[in-house]
Structures are given as structure tokens and as C-alpha cells.
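The values are calculated or read from the model by the stated rules, or taken from the named source; none is laboratory data. Source: prediction; values computed, not measured. With ideal geometry, Cβ positions are generated from the backbone for all residues, glycine too; neighbour counts draw on all protein chains shown. When the accessible area is computed, the model is the full protein with side chains, heavy atoms only, and any ligands, DNA or RNA have been set aside. Shrake-Rupley method; radii C 1.70, N 1.55, O 1.52, S 1.80 Å.
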Amino acid sequence: MQNYSFPDERGFFGEHGGAYVSETLIPALQELAQAYREAKNDPAFWAAFRHDLKHYVGRPSPVYHAARLSEQLGGAQIWLKREDLNHTGAHKVNNTIGQALLAKRMGKKRVIAETGAGQHGVASATVAARFGMECHVYMGADDIQRQAPNVFRMKLLGANVVGVDSGSRTLKDAMNEAMREWVARVDDTFYIIGTAAGPAPYPEMVRDFQCVIGNEAKEQMLEAIGRQPDVAVACVGGGSNAIGLFFPYIDEKNVRLVGVEAGGKGVETDEHAAPISSNAPIGVLHGFRSYLMQDEHGQVVGTHSVSAGLDYPGIGPEHSHLADLGRVEYQAANDDAALEAFDLLCRYEGIIPALESSHALAWAVAEAPKMGKDQVILVNLSGRGDKDINTVAKLKGIEL
């Protein structure tokens, strides 16, 4: 897909994206967009970003051949992009380093963030401590219960964790409250959005910071197997880990790209978080236009996923556009399939994956046996599963 150059000057990816916010936030977004345009053209900014990725985050993260799992499945070779080995345990820190450097450049002393699974909250608290900034993290009350280890990590790092009891008490509502907070404190506060969503320029900005994943993978796979994978697959909630892997591969026409949404208890039910796979209509949420789970009256409906980080009714606008173009396929993996993939990776590779990442792995587990042994699937293992131990134990009926 040559000449792919999105978003446009208004922040749209085709018919998705934009900035649907209150008038009070327009100046803040304009200030942010201008600051990012200047930073994007400043080699010193990217030098500082690369320095922290290498010396603080521990990049590059390796690619790893899951040989025993591949042999067990009896088909395509499964390789993992090991974002779980990053400092803080997930891909989220790539983006928070970039946004914290931008906040520092803009003279902001205070940062806020929303979080679902807690990984973005931990990554935001981490960089706030790194750069000496005040940090407040909004988190749904239900997610606070199922992600207790990450809540404690945020507090250890000096962040104030603000529980959100409204609505579904999950990621959507945490983002609502964070945006309300930003409106009230635009002068001294920088909002670190954790996914490739939100009003422009956030989707583009988050994508640019996360592209380190795909850029590294392209070099590493060429070195490891002499070519690129046949398929690159990643889980998709809002979609930052996925767009980080996919974007550098968009022009690689021989690489199939697959985004895996949270199928919950099945896309045919009301308990899932898979807007594209369930043919959800276009709507507006959290300042951007994209495919959105909603009822016949346009009201956002409740979602369900075993993974807190995918429990979101919308999807980043660039993903919606790539679905429209047919460049990326979006499918869904249900809770049971994700849990089975979680167990398989633990058992055969000694790696505990995040439940979010387990959705992408579930696709590979299902599809690898249908493919030849000379074919390669690259799975973005976006995070580690330490945070999910309590959830998995509870589902298995095990008392910790």
C-alpha cells in the first residue's frame, strides 16, 4: 500500500479520527499538536527518546522462536516479539517515555493517565518518577479489584490512584474521568493517553512512539530467518501495541496483518469487546470517531473481556481505517481461547503472557496447525502475565 500517509491535517484516518472535544480542550490539543510537530522534526528529541528506550527500558526487545509450542501445535513456526521483557513488563512504556519527554519539553510538571489492566498506569507512574513529575492515574473500580498488584506498583512509584465508580467501572469510565480532569487543569497538566485512540493528535503520536516494535521486528526477523514473517498478529483493544507492530509492515505486501479483538463470551452475545468483528457502527467516544459498540439509540453499551486491557467498546481510528482498506484483518478470540493459549505458553515455553497478549497467541494457536511448517507467525507478546495471576487463579478456582 504505497503512499499510505495518514492521518490528514485534521487528524482523520479516512472517515475515522478527528477531535470531538469541548471548546475548553481545543487550545490544549492545538498546543499539544504544535509541540509534537516541533518535536517530531527535532533530532535531539528522538535522540533522547532512543537513549531512554535503550538505557532505561532495555530495548531492543528480542524476537524468540517458540519452538516447543510450535512443535506441539504441528504447523507454522511461532515467533514472539518479547515486549514482556521491557522495564515495567509491557509495551506501554515505549509510549509513556515519548509523552513524558514531550511533557517535559512543554514545561508541564503534572501528568495524568487512565488505565485498564494497570500496565499503562504503571508505565505512566514510572516515567513520572523518572522525570520528577506529579502523577494521578484514573482506574475503574472493578479493574482496581482484578489488577491489585499493578495498583500497588503505581502507589510504590508515587502515583495517586483514583478509583472510578461510575458506569461500568472499567477503562471507558477511567478515560472519561481523566478527560474531565484535563479540562479542569489544562494549564499545568499533561494527559498521557495510553492507547492509539483519543482526539488528534494522540492516535498519530502514540503510533509513532510504538513503531519501535515493528521497526525492530523487521530487522530482527530478517536476521533470524532471512525474511519477514508470513503473518504478524497482535491483540487489539484501543490498539497501541498492534499499530506499533503493524505500521512498519503496511507496505510489506507479503506480510498478512491480523488484529485480535476480545471476543469475551462470544461476539454473538452481548458480552465481548470486539467492535470491528461484531460489525459495530461508527460513533464518537473520548474525542474521536471510529467503530464503536452502541445500541440503536447511539448509547455506548457495556463490554466484557477476561483481560482488563481489552475491555473497551471502541478501537483506535487507524485500525478502523486499516479495516476499511482491507490491509489488516480483525478477528476475535474469546475468553476460553485466550486462557488456553495462556496455559500453553506457560507449559511449553516457560513464559507467562498477559491475558491481553494471550488473545493474539490464541489466534496463532488456532491457525498454526492449518499452515505449513515452513511458514512463520510473529506474535506481539505485548506484556507479561504477573498482573493476571489473581484473575487466572480465581477462574481456575484456586485460592492464593
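For the reader, a short list of remarks on this structure follows.
- Nonpolar atom fraction for region 316-372, defined as the carbon and sulfur part of the 1.4 Å probe accessible area, stands at 47 percent.
- Whether region 252-339 is rounded, prolate or oblate, judged on the alpha carbon gyration tensor where a/c under 1.5 counts as rounded: oblate
- The listed residues Tyr4, Tyr249 rank as Tyr4, Tyr249 when sorted by accessible area, largest first, using a 1.4 Å probe.
- Assigned charges on the beta-carbon of Lys, Arg, Asp, Glu; region 133-284 dipole about Cα centre (debye): 200 debye
- Relative to the Cα centre, the charge distribution of the chain, modelled as +1 at Lys and Arg Cβ and -1 at Asp and Glu Cβ, gives a dipole magnitude of about 1200 debye.
- Solvent-accessible surface (1.4 Å probe) assigned to Arg169 amounts to roughly 80 Å².
- Seen through its C-alpha gyration tensor, with square-root eigenvalues sorted a ≥ b ≥ c, region 1-140 comes out prolate because a/c lies at 1.5 or above while a/b is bigger than b/c.
- Heavy-atom SASA rank of Cys235, Cys346 (probe 1.4 Å, accessible area, largest first): Cys346, Cys235
- Each of Gln34, Val306, Ser290 was placed along the dipole of the chain (beta-carbon charges, centred on the mean Cα), and the one lying farthest toward the positive end is Gln34.
- Overall, region 14-102 carries a charge dipole of about 440 debye about its Cα centre when +1 sits on the Cβ of Lys and Arg and -1 on the Cβ of Asp and Glu, all other atoms neutral.
- Region 100-197 shape via C-alpha gyration tensor axes, a/c threshold 1.5: oblate
- Per residue, in Å², the accessible surface of the chain once ligands and nucleic acids are set aside, probe 1.4 Å: 38 Å²
- Length added when fully stretched, Ala129-Glu23, from 0.36 nm per residue minus Cα-Cα: 35.0 nm
- When a 1.4 Å probe is rolled over the protein heavy atoms, the share of accessible surface on region 71-172 that falls to carbon and sulfur comes to 50 percent.
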